[in-house]
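The next block holds one structure in the form of structure tokens; read it before the comments.
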Amino acid sequence: MQDFDKYERNRVRRLASRGQYDRKTIFEILDAGFVCHVGFVIETQPYVIPTLYGRDGNCIYLHGSPKSRMLRHLADGFPICLTVTHVDGLVLARSAFHHSINYRSAVLFGTAQEVSREEKVHALFVISEQILKGRWAEAREPNDRELRATTVLKVTIDDASAKIRTGPPVDDAEDLVLPAWAGVVPFRCQAEQPIPDPLLGKDTSPPKSVQTLFEK
Ligand SMILES: Cc1cc2nc3c(=O)[nH]c(=O)nc-3n(C[C@H](O)[C@H](O)[C@H](O)COP(=O)(O)OP(=O)(O)OC[C@H]3O[C@@H](n4cnc5c(N)ncnc54)[C@H](O)[C@@H]3O)c2cc1C
């Protein structure tokens, strides 16, 4: 897969060695999550709004109410900045200054357009599968009324960057003799035991999609 080109807006500057531009790395970060933050400017006011997403090739699908200010604005083709972040660990150093975070993050730039009725069902499938693989086949598909009540945008990724930190703290040599504990506290986002809807019949075990989450 081809790298994204580096421009002024997507070139990592601080600790540039942590910057990556290859699609494989960036897509892996996107595929590991399902919540992004979408940044846009209306007149001179910036907004950053959390929302769900699904990746399909070099595109990101977003969905929501046709009345959503964000979706209505973005559908007009204004520029978008979209970010996804995973926290992998707290990095505890001997000095306060060298404390850090192990993370994987991606910043994307692009523009959006509203998808056709035909593409909408596919896009909703992509978003659903991004959140919980296999769930689409277990639930009722959206009907015409629900599709009319949902706007879907397709963001084409024009350029992007990833920034990744891994590994132990990087202390100053003179601090290595200090008694302070140093190391990494790993973090991860993990599903917990499912809570059945009280309206479900008795003895209904979680479906395959949910069980697969735990097998992971
Ligand atoms: C994890 C997560 C996933 C979400 N997924 C979706 C999704 O897939 N589709 C969708 O349409 N919406 C989603 N939302 C809700 C989304 O963040 C907006 O609240 C929603 O789009 C409503 O927009 P609006 O047009 O009413 O508000 P806007 O007109 O966009 O916002 C008006 C103001 O309301 C406040 N506001 C709006 N949203 C939030 C918020 N989430 N938290 C705090 N303040 C807020 C802000 O001050 C904002 O400037 C998600 C929220 C979260 C936290």
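Each value in this text was obtained by applying a stated rule to the coordinates, not by laboratory testing. Worth saying up front: this structure is predicted, and the values here are computed from it rather than measured. Neighbour counts run over all protein chains shown; Cβ positions are idealised from the backbone, glycine included.
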Residue tally, condition near the ligand (Cβ under 10 Å from one of its atoms), without any contact (Cβ under 8 Å) to a residue 60 or more places away in the chain and within 20 Å of the chain's Cα centre (by Cα), over the stretch 53-75: 1
Report whether or not residue 191 is assigned to a helix (DSSP H, G or I), among the hydrophobic types (A, V, I, L, M, F, W, C) and more than 29 Å from residue 111 (Cα to Cα). no
In the stretch 149-184, which residues are within 22 Å of the chain's Cα centre (by Cα) and over 22 Å from residue 13 (Cα atoms)? 150, 151, 152, 153, 154, 155, 156
Hey, could you check the stretch 76-97 for residues that are in contact with a Phe, Trp or Tyr (Cβ under 8 Å, 6 or more places away or on another chain) and closer than 30 Å to residue 179 by Cα and say which is farthest from the ligand (Cβ to nearest atom)? 92
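One line per residue, one yes/no per condition, for (1) farther than 18 Å from residue 71 by Cβ; (2) buried (at least 18 other Cβ atoms within 10 Å of the Cβ):
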{"site": "87", "(1), (2)": "yes, no"}
{"site": "94", "(1), (2)": "yes, yes"}
{"site": "127", "(1), (2)": "no, yes"}
{"site": "135", "(1), (2)": "yes, no"}
Residues of the stretch 34-69 being in a strand (DSSP E or B), within 26 Å of residue 190 (Cα to Cα) and among the aromatic types (Phe, Trp, Tyr), which ones? 61
Just to verify a result, which residue in the stretch 137-176, among those that are small (Gly, Ala, Ser) and buried (at least 16 other Cβ atoms within 10 Å of the Cβ), is nearest to residue 187 (Cα to Cα)? 162
Condition (residue is touching a residue at least 24 places away in the same chain (Cβ under 8 Å), in a helix (DSSP H, G or I) and away from the ligand (no atom under 16 Å from the Cβ)) applied to the stretch 105-119: is it met by at least one residue? yes
